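Chemist: Quick one: structure below, then a few questions.
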Amino acid sequence: MLEIRSLESHYGRIPALRGIDMRIAEGELVALVGANGAGKTTLLRVLSGVQRASAGQVLFRGEDITRASSDRRVRLGIVQVPEGRLVFAPLSVEDNLRLGGYTRNRAESESALERVFAMFPALTERRRQPAGTLSGGQQQMLAIGRAMMAQPKLLLLDEPSMGLAPRLVEEIFATIRALKASGTTIFLVDQNAHAALSAADRGYVLETGRIVLSGAGAQLLEDEQVQQAYLGL
C-alpha cells in the first residue's frame, strides 16, 4: 500500500530524515519506535503532506504522491490522528466528527458517523458536549473517530497513548487492534514501544532520522538493543 524510497526532509539546513526506506502492506499494522527527536513525527507529517520532502519518493498504491497536497492525500485515503489529539475544544463531539468527514458526501458521512458512535459508545452519550470538556482518553477516542470519518485506507497514528493512564492505554490499544481486525491499514508511532511492537505485524526503529532496525514486532521485542534502549530491560 505504501512505499517510501530514500526519503529525506529538512528543517532549514538541519536534516530530520535521512534516506528512509520503508513499506507497509495492505492490512498491516506497522509500528515505528524511537527516542524523542528521532524524526518519528516528521515522517508522519511528510506522509500526510504537511511537511515537505527534500528528496526521495512516497508511493501510495503505486501512485507517486511525494508532491501531492495534504487534502489530496486525505481524498486518496491517508488520514492522520495528530499527536496531542488536537480536537476543536469549543465544538461539540458530533461537530468534531463531522469535520473529519468533510471529503465525503452526506450519505457516506452519516454512515461513518453511525459506525464511529458504535465503536465509541462513550462519545454517543456526549455527542452534544463540547470536546474540550472530555477526559484525555475520551478526546483520544474522538480524535481517532474523527479520522475514521474520512474512511481511511491508511491510518497514521501519532502517539495515541501519550499522557493517558495505564488503563486507558489498554483501551486505546484494544481499539487499534479492532481497527486493524476490521481491515484498516495502520502506521503507528508511540513512545510506549512495548505496547506498539506487541500490537504490530512489523516494526521499524528510527534513530536520528535513520532506520537502524526492522523486523516482525515480536522479533524486535526480543532484540537486545531494543530492550536496552526502549523497553528498560
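Chemist: If amide H atoms are built 1.01 Å from N in the plane of the peptide, which residues on other chains or at least 5 residues away come under 5 Å of the amide H of Thr185?
Modeler: Counting only residues 5 or more places away or on other chains, the set is Gly27, Leu155.
Chemist: Averaging over every viewing direction, what projected area does the convex hull of the Cα atoms of the range 61-183 cover, in nm²?
Modeler: Over every viewing direction, the Cα hull of the range 61-183 projects on average to 7.8 nm².
Chemist: Thinking of the range 1-71 as a set of Cα atoms, what percent of all their pairs are more than 19 Å apart?
Modeler: 29
Chemist: Right, something else. For Cα extents along the principal axes in Å, the listed values are [x] 95, 45, 28; [y] 57, 45, 37; [z] 46, 40, 32; which was obtained by calculation from the structure presented?
Modeler: [z]
Chemist: Hey, another quick one. Averaging sequence separations of C-alpha pairs under 8 Å and six or more residues apart, then dividing by the length of the range 160-215, give the relative contact order as a whole percent.
Modeler: 25
Chemist: By how many nm would the segment from Gln225 to Leu91 grow when fully extended, if each residue of separation counts as 0.36 nm and the alpha-carbon distance is taken off?
Modeler: Value of the extension gain: 43.8 nm.
Chemist: On to the next question. Would you mind telling me which residue in Arg126, Arg75, Arg167 has the biggest mean-square fluctuation in a Gaussian network model of the chain, where springs connect alpha carbons within a distance under 10 angstrom?
Modeler: Maximum among the listed residues: Arg167.
Chemist: Let me ask something else. For the range 155-199, would you read off the P(r) tail past 15 Å as a percentage of all alpha carbon pairs?
Modeler: For the range 155-199, the share of Cα pairs beyond 15 Å comes to 35 percent.
Chemist: For the chain, give the share of DSSP beta bridges that are antiparallel, in percent and rounded to the nearest 5; count only bridges with both residues there.
Modeler: 55
Chemist: Modelling each spin label as a point 7 Å along the Cα-to-Cβ direction, I'd like the Glu114/Glu63 distance in nm, to one decimal.
Modeler: Distance between label points: 2.8 nm.
Chemist: So how long is each side of the range 86-151 along the principal axes, counting just the alpha-carbon atoms, biggest first, in Å?
Modeler: Result for the range 86-151: principal-axis Cα extents of 29, 20, 17 Å.
Chemist: Then there is this: Below 12 angstrom from the Cβ of Glu8, what's the summed charge of the other residues (Lys, Arg +1; Asp, Glu -1)?
Modeler: Taking every other residue near Glu8 into account, the sum is +3.
Chemist: Which value results for Rg/Rh of the range 153-233 when Rg is the Cα radius of gyration and Rh the Kirkwood radius based on the inverse mean 1/r?
Modeler: A ratio of 0.95.
Chemist: Right, another one. Within 10 Å of each candidate Cβ there may be at most 16 other Cβ atoms; applying that plus a DSSP loop requirement, which trypsin sites (Lys or Arg not before Pro) in the range 1-46 survive?
Modeler: Here the sparse-neighbourhood loop sites are Arg13.
Chemist: Starting from the Kirkwood radius over alpha-carbon pairs of the range 51-103, derive D by Stokes-Einstein at 20 °C in a medium of 1.002 mPa s and give it in µm² s⁻¹.
Modeler: 162
Chemist: Going by how many other Cβ atoms sit within 10 Å of their own, how do Tyr204, Tyr102 line up, fewest first?
Modeler: Ascending number of Cβ neighbours within 10 Å: Tyr102, Tyr204.
Laboratory data are not the source of any read-out in this text; all were calculated from the coordinates shown. Just so it is clear, the structure is predicted and the values come from calculations on it, not from any experiment. Cβ sites come from the backbone with ideal geometry, for glycine too, and all protein chains shown count toward neighbours.
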